[in-house]
Every structure is written in structure tokens, then in C-alpha cells.
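Heads up: the structure comes next, in C-alpha cells.
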Amino acid sequence: MEISIVLVDDFNIMELNKRFLNHDYPTDVLSFPMSVETKLKNESEGLVGEILISAETAQRNAKRYRQTFERELMRLAIHGTLHLLGYNDSTAIQKREMRRKERKYLAWLE
């Protein structure tokens, strides 16, 4: 499995958010799954994706939630990875599940 994590600014993440999701505002994280299968030894590559994180929004979030910038970046990387794995956060129940998983994996990393 390979995941690329890219830090961008608010302007660039807003442009991508507008282009791919029709949302005309910056967001904290975007995930782009790219399933690629290879035929090396009859195994598939598995999940390949890219996570883009707005460093500017992450910095604001860190101050807002009284977290370190580094912890907020880790949370957003986890959040983006969960999206790549198929989790959604469009309903209240899904958001609670995502937050629970974020806390679980953050604790595991710390």
C-alpha cells in the first residue's frame, strides 16, 4: 500500500475542492483514491492514494482545538487515510465513527 501526503496552502486546496467536489471554499484535507493493480508475482498493489492537507487550515485548527500543529497534521493524515479506506463523514453517525477512529489511531501513534 502506498499513500502520498502533500501539504498545500488554502488557495491550492480550495482550487482542488472546487474542481473535484464543487465546493468553493478551502478545506482541511482532501483524499484521492487511486486503485492500481499490478501483476508482480500475481499480487495486487492494493490501495494507492493521495492525501492533500492544507497546512494553513491545520494551523488554525490546532489553535482552535488547542492541539499542537504536529498532532493536527497527524489527525488529518489519519482522517484522509480513513476516507481512502472507504469511511465517510457526511452524516452525524459517520462523523462520530470517524472521530472515534481518529482518536484510536492518534493514541496508537503517540
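The values are calculated or read from the model by the stated rules, or taken from the named source; none is laboratory data. Please read these numbers as outputs of a predicted model, since none were measured by experiment. Here Cβ is always computed from backbone atoms with ideal geometry, including for glycine, and neighbour counts include all displayed protein chains.
Of all residues in segment 4-22, at least one satisfies being within 13 Å of the chain's Cα centre (by Cα), among the β-branched types (V, I, T), over 22 Å from R99 (Cβ atoms) and modelled with pLDDT of 95 or more. Pairs are defined by a Cβ separation below 8 Å, a sequence spacing of at least 6 or placement on different chains, a first member in segment 43-68 that is closer than 19 Å to N12 by Cβ, and a second member that is at pLDDT 95 or above and of a type in the set (F, W, Y); the pairs so defined are A58/F69; Q59/F69.
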